[in-house]
Each structure stands twice: as structure tokens, then as C-alpha cells.
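Just below is one structure, and these are the notes that go with it.
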Amino acid sequence: MKKITNLLLALMLMTSLLSFALAAQAEEPTQNNADDEPVDTETEQQIQVMNNPIGVRIRLLQLEKALIINILKGNMTVQILKGLEVDTTELEDILENLTSVLEEVQAADPEANDSVAVFVSLKNESRNLTKQFRDAVHLLLDEETIAMIKEKLKGIDSEELQQCAMRVRHWIRQFNRNQFYRLFGLVGTVNTSLLEDYFNGTMNLTQVRFQFNKMVNQMTKEKRNEIFSIIKEENIQNRIQAHEAMQHMGDHGKGKGHGGRP
């Protein structure tokens, strides 16, 4: 029974830190049209960590990274198509709009009161434009040529992309360190040197979790249940707030774009 209880608390730790796993999985905007589903479950999960400026900054940086990747791929695709003497006017117009969205993402203020709404709007616009680009390419080319282009796009990189990826990693570590600081404080003494090692990259997430679980094993059953309840309640509140925020944005035209472009 003791092992089961410890496992449950460890699971709650994983749930508390699940936002970072979701962050890693969501670095490129979803390709489906935002109007295809009344509630965007992926986005709702993403904004659960956007209850503080660091969480907002992480999501904006991840969207920025996705846009940089899509624009890099789009520009290379256009160059290949020009070499094949294909008219790329429509594709270039879409890329110009994507670049404008990227500039808005880079200018967004993580501490603004409407930062979550701005993120959702810009993500939806990015997603719609990316879908438009993909659909336009499929109208212009056959599957064999598209497969050839996809192969050439593998491993695409740039200095701007590398710098953005570094900022994403930095802020995720900062956010994660803050989460661990709170969790260690709940179960016992905070090992600040351990958390600094994690933040500096000399210790990975698995190692920090192992140290946390060692502390959990030394707790009484009553204390474990208490911590379990606290974390569970916080996770429930985050989900409720994210769901209500999505509903509110839906009532005010979610997915219609940001910045006035048609």
C-alpha cells in the first residue's frame, strides 16, 4: 500500500510538470483549421501554464520558433518552385502574412493582461496561414515533387532559429526550477544547489525527480495525502481557468485572427 501511495504522489508530480511535456510537443502550430472544432483541446492544455509571465513567455517563444521553422521551410519551398518555373505569387503572399504574425509574436508582452488571448489569436492565425500554404502547394504540385521538397527541407536551420530554441530551453528550465522549488518546499527542505544545477544544465530533469521521490519516500502517509490533495486541487483549478478562458475567447470570436488582416 505504501508503494501505491508513493506512486500516486509521483504521478501527481508528473501531472504538475506535464505542462513542459506538452510544451515540447507543441512547438509547431497544429495544421488543422481552427474552425473545424468548437473547442481547441491542445490550446486549452497549453494555456494551463500561462497563469504567470514566465509561462506566457514560454508559449510565445514556442510559437515564435514554430513560425521561424515554417517560414524557413516556406522560403526554401518557394526557391525550389521558382527553379521549376512554377508561379509562387500566392505562396509568397502567405509567407508575407506569416512574417507579419511572427513580428506580432515577437512584440507581444508576456506581462500584458490580454497576453493569453493574444497568444491564442496569433497561434490560430499562424495555423490557418500554414494550412493555406500547404493546401496551395498541393494544388501546384504532384505528390512525388512534394515528397522531394520535404526531403530537402529536413534539418533546416538558421542562426535565428538556434537563438530562439536556446531561449525556449532557458525559460522552460526557469519555470521548471520554480515548480520544483515549490514542490520541494511542500515536502521538506528546498535544496537550492540541486535546483541551480538543474537550471545550469549540469543535472537533468530525471535526476531532480529522483531526488524528489527520495524525499517523498521519507514522508508519513498523512503528509503524502496532504501534498497529494494540494497538487490535485491546483491542477484542477488550472484546468478550470484554462477552460473558462477558452470559452470566453470563443464567445468573442476566437480564431478570427489578430492584427486586422483578413
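Some notes on this structure:
- Scan of region 199-230 for residues that are closer than 18 Å to Thr189 by Cβ and β-branched (Val, Ile, Thr), ordered by number: Val208, Val216, Thr220, Ile227, Ile230
- Here Met215 fulfils each of the conditions (1) closer than 22 Å to Glu234 by Cβ; (2) under 26 Å from the mean Cα position of the chain (by Cα) apart from (2).
- A search for C-beta distances below 8 Å between a residue of region 170-181 that is more than 18 Å from Gln48 (Cβ to Cβ) and any residue that is modelled with pLDDT of 90 or more and among the aliphatic types (A, V, I, L, M), counting only pairs 6+ apart in sequence or on different chains, returns Arg177/Leu195; Tyr181/Leu195.
- Residue match in region 176-199 (condition: within 29 Å of Ser100 (Cα to Cα), at pLDDT below 95, of a type in the set (Phe, Trp, Tyr) and surrounded by 17 or more Cβ atoms within 10 Å (Cβ to Cβ)): no
- Matching option when the condition is farther than 15 Å from Ile54 by Cα and among the acidic types (Asp, Glu), among Asp135, Asp109, Asp114: Asp135
- Looking across region 200-213, just one residue is surrounded by 15 or more Cβ atoms within 10 Å (Cβ to Cβ) and either outside any helix (DSSP H, G or I) or in contact with a Ser or Thr (Cβ under 9 Å, 6 or more places away or on another chain) (or both), and that is Met203.
- Test: residue in region 131-144 that is under 19 Å from Leu60 (Cα atoms) and in a helix (DSSP H, G or I): no
This table checks each residue for (1) aliphatic (A, V, I, L, M); (2) surrounded by 14 or more Cβ atoms within 10 Å (Cβ to Cβ); (3) in contact (Cβ under 8 Å) with a residue 12 or more places away in the chain.
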{"residue": "Asn124", "(1), (2), (3)": "no, yes, yes"}
{"residue": "Arg127", "(1), (2), (3)": "no, yes, yes"}
{"residue": "Gln132", "(1), (2), (3)": "no, yes, yes"}
{"residue": "Glu143", "(1), (2), (3)": "no, no, no"}
{"residue": "Ile146", "(1), (2), (3)": "yes, yes, no"}
{"residue": "Gly155", "(1), (2), (3)": "no, no, no"}
{"residue": "Ala165", "(1), (2), (3)": "yes, yes, yes"}
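- Residue within region 81-98 that is under 17 Å from the mean Cα position of the chain (by Cα) and either crowded, with 22+ Cβ neighbours inside 10 Å or not in a helix (DSSP H, G or I) (or both) present: no
The values are calculated or read from the model by the stated rules, or taken from the named source; none is laboratory data. Note that this is a predicted model, so its numbers are computed, not measured. Here Cβ is always computed from backbone atoms with ideal geometry, including for glycine, and neighbour counts include all displayed protein chains.
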